[in-house]
Amino acid sequence: MIVDDGHLFDSFRRELQAPGNSVNEASGVHHAQPRPRNDGSHVMTLYRPGRTILRIALMSGGSILLLILLFRLIAPVLVSSALVRERMEVAVEAWLGHDVVIRKNPDLQFWPRPLITLRDITVRAEDRDDAEVLGHIAALSARFSLLDALYGAPVFRDFTLSAPDLTVKMGQNNRLNWSSSGLLGQALHKAAEEQPLDREESETVIGDVTITDGRLRLEDPQRRVLVMENINGTLIWPQLNSSAQLRLRTDIQGQSFDLGVSSPQPLQLLGGRNASLTASITSALATGTFSGMANLASYAFFSGDLQLSVPDVNSLARWADFPVHTADRLKDLSLSAQLATMGTVLRFDKLQVKANGTQGHGVMDLMAASGDRPRRVTGTLAFDSLDLWSLVTALSADQRDPDDPATSRDPMTERHLGFDVRFSANAASFGPLALTNVAVSVLADPKRSQVEILDSDLLSGSLTAQLQMQQQTPRTKARLSIRGVNFSTLASQMALKGPTINAPTSLDLTFATEGAITDAPGSDLSGTLKVTAQSGEVEGLSLSELRALAAKGTYFSLDQARNGPTEFQSLELIAKIVAGNAEIQTGRLAGQNQFLSVSGVIPYLTQSLALSAAVEDTTANQPQVNLFVGGAWPNPVIWPVTPDR
């Protein structure tokens, strides 16, 4: 340290009083005069006040640093350690509003900055030995001001929580197990009642709260549990009446999440009032952001911009243990929307959705559960294209891994979700069928699902369909109606082999099965089939060739009778589906002069035929030709049946 003993100032004064130097009394400026040298010449003596001021500043700064150092060194003598420890313990209980048990002696240090650390802290609901334990904290550290401590009123800030393990339970009356009588609880109560904080509360200092290796257990009234583990992050909240920002990383059911929340009105937000909120979530399962207004009351309110991206909905559904009818066939799902809450309905307005290479827009509502009715998604979306079979598959079967049952996890996020949605698409595929201008309705709840194609264009005709599926006890009912479709063109599009109907054709198919629609058809399949057509031809079948081949009296294949089409004025086929067979009840083709009638059984499980056929030709005065058709489709074997057989 530099100490001035008066010599510096005396030297400076003597120089000013030396002969030849003068001071302008009015301006205070020192004028240097030339001084004679030994050789008779003169030299100008010039004084620099700036250097003197710098010396004074350095000495002053050094003195201040010395005082600070001395103050830190003698602080343990001046500050009552017992007082600081006692005030810290009282402050913790005042903040939490619960009994706090500190099992180890606190640590107090003053260098390089004042810091107190409490260890082995247990938070109890009440001051009783058998009271409910709300949490445990391995260590709690906080900074404080030495000056405040000297006055006997230390103010603590910038807390560090090491390995906190807390449990938050919500009872049947939606009350939490944490008291609202603490300092924070009282501030939240005032915020909820729209009461202003008093001056002392408003100026309450918090600072930065650092969390390391934390754990939080959340339990709802149904005892469903969500556990957040390995919590590490920071809460920046300078004062109770100031803005707050939370950044943390945590593990939930084996997945890591980065969470960010900030609000200029944290008390209003936590107190259940409308407040500005900016939130973000980042993980391998999903990434999303929200910016707008929020209210965390009984039914959460959100109004603002939402961005969400889910690389694989199936992975998210498995992680959260969602039921299958959350459309887990979706890949690369991303959406953006303007959220608005109306009562118990969360609306996704101006919704833009991209998934599985297609995109859509519209309006969707998420309706809260009521009574025994689960949460429901309703609305209308218009897509560029849809894969209807993937939608049906997702709704028809439970995709959860049997080796990883739902009983192994009990997340709070487990919810049944219902759907009442309308889709439209410029183009859609339904298995091998290519549809355009499609309108689809989807109804689903935990017990049953229904997909209905309300309208669609199929080639030059139309297609409608309805599929009803029971979830818990698999049972499926289906109805398919086709009108005005050329089956020859359709067969070519679907790469089907065999004779085809080249005419506008109608088809009605109804069936029921005890299994899921995704299961292979079994013997339990039952229903009806009806095909009708007017004024056309059957390609790949010549009735004249059939008569000629039958006249030879030996068997032949259908391929041998495909030279040329057969024209008709009407065609009708009615079959009953039962016990693995299609029983033909009516089968008649009527041409101008030729007629074909068919009856028998088609065992569709083996793609075989067992039919009796009769061919008539009124142009030639010839008897009716009777045939037996057997073998496998599409090239069965035909035997002529003579009267003596």
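The values are calculated or read from the model by the stated rules, or taken from the named source; none is laboratory data. Being a predicted model, the structure only gives us computed values, none of them experimental. In this analysis, Cβ positions are derived from the backbone assuming ideal geometry, glycine residues included, and neighbour counts consider all displayed protein chains. Heads up: the accessible areas ignore ligands, DNA and RNA and are worked out on the full protein's heavy atoms, side chains in. Shrake-Rupley method; radii C 1.70, N 1.55, O 1.52, S 1.80 Å.
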Quiz item: Taking the stretch 434-449 as the region of interest, how many residues are buried (at least 18 other Cβ atoms within 10 Å of the Cβ) and at pLDDT below 90?
Solution: 3
Quiz item: So how many residues does the stretch 426-471 have that are in a strand (DSSP E or B) and either without any contact (Cβ under 8 Å) to a residue 40 or more places away in the chain or closer than 24 Å to A491 by Cα (or both)?
Solution: 32
Quiz item: Got a sec? Which of Q307, Q268 is touching a helix residue (DSSP H, G or I) at 6+ places or on another chain (Cβ under 8 Å) and not charged (D, E, K, R)?
Solution: Q268
Self-check item: Matching residues in the stretch 373-387 - criterion: being open to solvent by 20 Å² or more (accessible area, probe 1.4 Å) and more than 21 Å from R448 (Cα to Cα)
Solution: A382, F383, D384, S385, L386
Quiz item: Just one of the numbered conditions (1) open to solvent by 70 Å² or more (accessible area, probe 1.4 Å); (2) without any contact (Cβ under 8 Å) to a residue 40 or more places away in the chain is not true of S280; which one?
Solution: (1)
Self-check item: Pair list, Cβ under 6 Å, 6 or more apart: the stretch 262-273 residue farther than 18 Å from T234 by Cα, other residue assigned to a loop (DSSP other than H, G, I, E, B) and open to solvent by less than 70 Å² (accessible area, probe 1.4 Å)
Solution: G272/A297
Exercise. Of all residues in the stretch 453-475, count the ones that are more than 30 Å from the chain's Cα centre (by Cα) and either among the basic types (K, R) or open to solvent by less than 60 Å² (accessible area, probe 1.4 Å) (or both).
Key: 9
Exercise. Kindly indicate whether any position in the stretch 507-514 is over 23 Å from A434 (Cα atoms), at pLDDT 90 or above and hydroxyl-bearing (S, T, Y).
Key: no
Quiz item: What do you reckon, is R415 at pLDDT below 50 and under 19 Å from S449 (Cα atoms)?
Solution: yes
Exercise. Sort through T489, T513 and tell me the only one that's closer than 28 Å to E539 by Cβ, free of Cβ contacts under 8 Å to residues at least 40 places away in the same chain and either more than 34 Å from the chain's Cα centre (by Cα) or surrounded by fewer than 19 Cβ atoms within 10 Å (Cβ to Cβ) (or both).
Key: T489
Practice problem: Can you work out which of the residues in the stretch 210-242 that are polar (S, T, N, Q) and in a strand (DSSP E or B) is farthest from P164 (Cα to Cα)? | Solution: Q239
Practice problem: State whether the residues of the stretch 222-239 include one that is open to solvent by 50 Å² or more (accessible area, probe 1.4 Å), on the phi < 0 side of the Ramachandran plot and either hydrophobic (A, V, I, L, M, F, W, C) or in contact with a helix residue (DSSP H, G or I) (Cβ under 9 Å, 6 or more places away or on another chain) (or both). | Solution: yes
Quiz item: Here are M342, M367: which of them is modelled with pLDDT under 90 and surrounded by 18 or more Cβ atoms within 10 Å (Cβ to Cβ)?
Solution: M367
Practice problem: Could you grab me the full set of residues in the stretch 357-400 that are within 19 Å of the chain's Cα centre (by Cα) and assigned to a helix (DSSP H, G or I)? | Solution: L391, A394, L395
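Conditions (1) over 14 Å from W389 (Cα atoms); (2) of a type in the set (D, E); (3) out of contact with any helix residue (DSSP H, G or I) (no Cβ under 9 Å at 6 or more places or on another chain), marked per residue:
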| site | (1), (2), (3) |
| --- | --- |
| R448 | yes, no, yes |
| S460 | yes, no, no |
| Q466 | no, no, yes |
| T473 | yes, no, yes |
| K477 | yes, no, yes |
| I482 | yes, no, no |
| S488 | yes, no, yes |
Self-check item: Among (1) free of Cβ contacts under 8 Å to residues at least 40 places away in the same chain; (2) touching a His at 6+ places or on another chain (Cβ under 7 Å) - the single one A125 does not satisfy
Solution: (1)
Quiz item: Do you know which residues across the stretch 189-209 are assigned to a strand (DSSP E or B) and open to solvent by 40 Å² or more (accessible area, probe 1.4 Å)?
Solution: D208
Quiz item: Can you tell me which residues in the stretch 569-584 are free of Cβ contacts under 8 Å to residues at least 60 places away in the same chain, in a strand (DSSP E or B) and not hydroxyl-bearing (S, T, Y)?
Solution: Q569, E572, L573, I574, A575, K576, V578, N581, A582, E583, I584
Practice problem: Can you give me the number of residues within the stretch 603-645 that are under 14 Å from L546 (Cβ atoms) and surrounded by 14 or more Cβ atoms within 10 Å (Cβ to Cβ)? | Solution: 18
Quiz item: For the stretch 90-104, does any single residue satisfy the condition of being among the acidic types (D, E), assigned to a helix (DSSP H, G or I) and open to solvent by 50 Å² or more (accessible area, probe 1.4 Å)?
Solution: yes
Quiz item: Does the stretch 560-582 include one or more residues that are buried (at least 18 other Cβ atoms within 10 Å of the Cβ) and in contact with a Lys or Arg (Cβ under 6 Å, 6 or more places away or on another chain)?
Solution: no
Quiz item: Listed residues G254, G260; which is out of contact with any Phe, Trp or Tyr (no Cβ under 6 Å at 6 or more places or on another chain) and at positive phi?
Solution: G254
Practice problem: Six or more apart or on different chains, Cβ under 9 Å: which pairs go from a residue in the stretch 166-180 that's farther than 18 Å from I137 by Cα to one that's at pLDDT below 70 and open to solvent by 50 Å² or more (accessible area, probe 1.4 Å)? Could you list them? | Solution: N174/S298
Quiz prompt | S492 modelled with pLDDT under 90, under 23 Å from Y604 (Cα atoms), in a loop (DSSP other than H, G, I, E, B) and polar (S, T, N, Q) | solution = no
Quiz item: Does the stretch 129-144 contain any residue that is in contact with a Pro (Cβ under 7 Å, 6 or more places away or on another chain), closer than 22 Å to L240 by Cα and open to solvent by less than 70 Å² (accessible area, probe 1.4 Å)?
Solution: yes
Practice problem: Please find, among A575, A610, A620, A579, the residue that is small (G, A, S) and either under 17 Å from L507 (Cα atoms) or modelled with pLDDT of 95 or more (or both). | Solution: A575
